[in-house]
Amino acid sequence: MTTPRNFGSHGAANVQPGVPRPERRAGVHRLLTVVFSAAALLLAIVAVGLSWLSYARSGEALNRAATAVPAQTSAAPTPTAPEVTDPPVPPDETDEPTADPPGADPSIDVPTEYKPAYTGQSLELSIGCNSSIPVDLDEPRVRGAGPDLVYSLACGSNVGTIALDSDAQASEVTSSSIPPDECADRIRTSPLSPEGSAVRQGRVYCVMTSPGPAAESAKMAVVKINAITGDGSVVLRVTAWDIPK
C-alpha cells in the first residue's frame, strides 16, 4: 500500500475556489474597452448622420421658400391707373360758329375773310365855309345815297373836320398799308370820337361802313387824307375790302 504524496509549500500552488485569475480579469477589461469604444463610435456615426439629415432638410426648406416667394410675387397683379376719357360732347355744345341772321351787321370780333373791293380810289371833296359833304365808301361816291363819312368846314378856317355818319365805325391809324383784320381790331379797341377828327394831310382812318342801298355788303375801308388845298378842299385816297355776311 502506497502512501499519498504530501506536497509541501514548495509544491503545486494551492487553488482557492471562486477567485478569478488575474489573466481573466485583464481579458474582461480589454473586452469592455473594445465594446465601449465601438458603442462610442456608433453613437458618433449616428450623430453625424442625424446632423447631415437635419442640414439637408433645412436646405431643402430654404430652397422651397426661395422658389415660392417669386411665384407669389409674380402672381400678384400690378395695379394700374384707370384710363380717363373725355366725356362725349353733345352735338349742340360744339364750337362751330353760327351764321349771322340775314341783314345783321358783320361782327368785327370774329375772324373774317376779307375780299378786295377796290384799290386806290381818289375822292375830291370841295365845299364852301359852313358847309359839309357826305362820302359813301361802299361805291365809293361823293354825296352818295348811304354816307359813311361827313367832311365839314367852318368859315374863317382852312382846317375842316371829318366825322362818322349813319352806323359806320372808324379808328385813326398810323399807316395806309394796314391789313383789314388789324383795322377791325383798331376799331374795336380805339374807336374814333363821335365829334370827329381834324383834317390833317397824311392822316389815315380805318372805316367799317354801314351798307347803303347800292351796296351788297359792308366794307372795311382804309381812308388816307392825300392832299389839302388852300381853299379847304380835301383829296382822299381809299382802298376797301368786302366783309362777307
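Tabulated values for the structure
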read-out	value
Phi-based couplings in Hz for segment 119-125 (Karplus 6.51, -1.76, 1.60; Gly and Pro marked x)	9, x, 6, 9, 10, 9, 10
Extension gain, Arg57 back to Ala198 (0.36 nm per residue minus Cα-Cα distance, nm)	39.7 nm
Virtual spin-label span in nm between Asn158 and Ala38, 7 Å along Cα→Cβ	15.3
Which of Ile162, Val235, Pro191, positive extreme of dipole for segment 115-242 (C-beta unit charges)	Val235
Sequence-distant residues sharing a close amide H with Leu125 (under 5 Å, placed H)	Val234, Val235, Leu236
Trypsin sites (Lys or Arg not before Pro) within segment 145-223, DSSP loop, no more than 14 other Cβ atoms inside 10 Å	Arg200
Asp185, Asp148 arranged by Cβ crowding within 10 Å, fewest neighbours leading	Asp185, Asp148
Table column - 3J(HN,Hα) (Hz), segment 175-182, Karplus curve with 6.51, -1.76, 1.60, x for Gly and Pro	9, 7, 9, 5, x, x, 5, 6
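Taken together, the values in this text are just the output of simple stated rules run on the coordinates, not laboratory data. All values derive from a computational prediction rather than experimental measurement. Using ideal geometry, Cβ is built from the backbone for each residue, glycine included, and neighbour counts are taken over all protein chains shown.
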